[in-house]
Amino acid sequence: MQSPDPGNKPLLHRLAPARFSGLLRGTVAAGIALLAGYQLASQIADLSSARPGAAAQADARPVAEAASSPAPQVADPFETLVLDVQSGDTLDSLFRDSGLSLVDMAEILQLDTARQNLRILRPGDTLTVRHDGGAVLEIERDMGIEQTFVIKRNDAASGAGGATAPVFSTELVSLPLERRMVTVAGRISTSLFESAAEAGLSEKAVMKLAEIFAWDIDFVRDINRGDEFTLVLEELWRNGKKLGDGEILAAEFTNRGGRFTAVRFEEADGRAAYFSTDGHPMRKAFVRAPVSFARISSRFNPNRRHPILNTIRAHQGVDYAAPTGTPVKASGDGKVIFRGWKSGYGNTLILQHGGNITTLYAHLSRFAKTSGYGSRVRQGEVIGYVGATGLATAAHLHYEYRKNGVHLNPQTVILPPAEPLRGEELMAFQATAQPLLARIASRQTALAANRPTAR
Ligand SMILES: [Zn+2]
């Protein structure tokens with residue numbers, strides 16, 4: 001279902017950055033240092049592998065050799081460690097555990113740029129360290145897929161000008177990407193995730209798609225068999241390899257028979273947002289669902305029999321079955337006007353919004369620290385966590401939306417649109433949107449040809 005566009009010209013051309021070869025490109029001094037180092041290292045034993053710390057390291061973390069030597073038969077004489085940052089790791093602990101020079105670390109941290117780019121390490125980050133018996137030669141840290149932060153030991157000659165020349169220097173290296181535009185379409189038969197995967201979409205792209213339409217569609221509870229989606233998406237490639245998805249440039253979703261279309265557009269201030277075909281922001285005062293994807297438990301139904309009270313009573317809200325601890329997000333900007341225990345509702349939070357609207361979140365296992373009584377919260381901010389407090393048989397969020405004290409169905413209530421694009425911005429938007437919408441339309445023609453005649 002996914003087709004790369006043959007007519008789509010790559011915006012950027014690839015370069016060949018195997019690890020470190022890209023970093024040394026154009027830096028003659030570093031190249032000389034590498035060669036000099038090679039001769040030296042060929043005469044010395046591999047000290048690091050004799051270090052107890054380094055041996056333990058080999059068990060705990062994957063260790064890879066650099067594979068970028070121009071001649072494969074000549075191995076890099078220096079060791080390359082790939083350090084996968086885990087929870088609780090710091091630069092200090094990584095250096096100690098790997099037997100890397102702490103003197104070098106101190107030197108590196110003298111540099112402002114190094115402090116900025118190494119200060120925060122997150123689990124899942126990778127540091128690639130090339131070293132000579134623990135003495136650091138180079139450190140690479142991926143900064144997203146488009147940039148790498150590089151710390152290099154300056155070779156001795158470059159420091160000859162003065163005794164205070166720093167031991168290390170840093171550089172932010174851009175790794176150009178090739179962007180390909182693809183159009184993907186699918187129809188939901190089981191779940192959105194499954195159908196999207198069949199169409200060739202990544203989970204990340206599905207989450208983005210759901211974010212684009214979060215103000216129009218309740219993706220947790222209101223996705224039905226037969227719903228259709230089409231999107232124009234950027235893919236990021238380098239050296240013939242797909243690295244991941246870029247932005248969704250345009251998307252269309254058919255739900256409850258309604259058709260929602262969104263186009264990504266960068267406004268004059270440089271910020272990108274999604275707009276409907278007539279230039280209205282997709283963003284509105286309320287999102288449809290205050291939790292991200294979770295399993296459906298019950299639909300909005302004023303005649304629903306309450307499972308616990310066992311009486312026919314208006315179930316004046318929407319229930320979202322979700323595991324205990326699932327974050328609950330404010331559906332709109334607002335102020336906390338109630339936070340505490342409320343009989344059958346258990347732990348409950350009520351937000352006051354503009355337009356005399358309140359939203360209520362019940363059965364919470366706990367509240368977020370930042371959602372204290374009286375505090376202001378932003379749309380999407382986590383205010384509490386799903387639980388089963390009060391009259392609840394199983395963990396779920398009970399969510400209510402009231403206007404002037406009257407319960408409304410938050411899944412279908414009509415939300416006032418935000419200010420549309422006007423004038424020159426609208427014209428620029430239309431110029432952006434037109435070719436993208438044409439792609440969607442042609443993809444849908446193909447999809448319609450496969451559509452079953454009876455539903
Ligand atoms: Zn409920």
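The values are calculated or read from the model by the stated rules, or taken from the named source; none is laboratory data. Here the structure is a predicted model, which means the values were calculated and not measured. Don't worry about glycine lacking a Cβ; one is built from the backbone with ideal geometry, like all the others, and counts go over all protein chains shown.
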Condition set surrounded by 15 or more Cβ atoms within 10 Å (Cβ to Cβ) and outside any strand (DSSP E or B), scope region 168-191, selection farthest from the chain's Cα centre (by Cα): answer is ILE188
Go through GLU194, GLU228, GLU247, GLU267 for me and flag whichever is surrounded by fewer than 19 Cβ atoms within 10 Å (Cβ to Cβ), acidic (Asp, Glu) and more than 18 Å from LEU436 (Cα to Cα).
GLU194
Quick check on region 380-402: of everything there that is of a type in the set (Val, Ile, Thr) and assigned to a strand (DSSP E or B), which residue is nearest to the ligand (Cβ to nearest atom)?
ILE383
List the residue pairs whose Cβ atoms are under 9 Å apart, where the first residue sits in region 373-398 and is outside the structural domain of GLY332 (by TED's automatic domain parsing) and under 22 Å from ILE357 (Cβ atoms), the second is within 12 Å of the ligand (Cβ to nearest atom) and outside any loop (DSSP other than H, G, I, E, B), and the two are 6 or more positions apart or on different chains.
none
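Is region 288-296 home to any residue that is at pLDDT below 85 and assigned to a strand (DSSP E or B)?
In the first step, residues of region 288-296 are kept if they are at pLDDT below 85; the result is 292-296.
Going one step further and asking which of them are assigned to a strand (DSSP E or B), we end up with 296.
Yes, that holds for at least one residue.
What tally of residues in region 224-241 results from selecting those that are outside any loop (DSSP other than H, G, I, E, B) and at pLDDT below 90? Working first, answer last.
Within region 224-241, the first condition is being outside any loop (DSSP other than H, G, I, E, B), and the residues that meet it are 228-238, 241.
Those still in the list that are at pLDDT below 90 too: 238, 241.
Adding up the residues that qualify gives 2.
Pick from ARG221, ARG259: which is among the basic types (Lys, Arg), over 20 Å from the mean Cα position of the chain (by Cα) and either part of a strand (DSSP E or B) or modelled with pLDDT of 95 or more (or both)? Outline the logic, then answer.
Values: ARG221 fails: either part of a strand (DSSP E or B) or modelled with pLDDT of 95 or more (or both).
One residue alone meets the criteria, ARG259.
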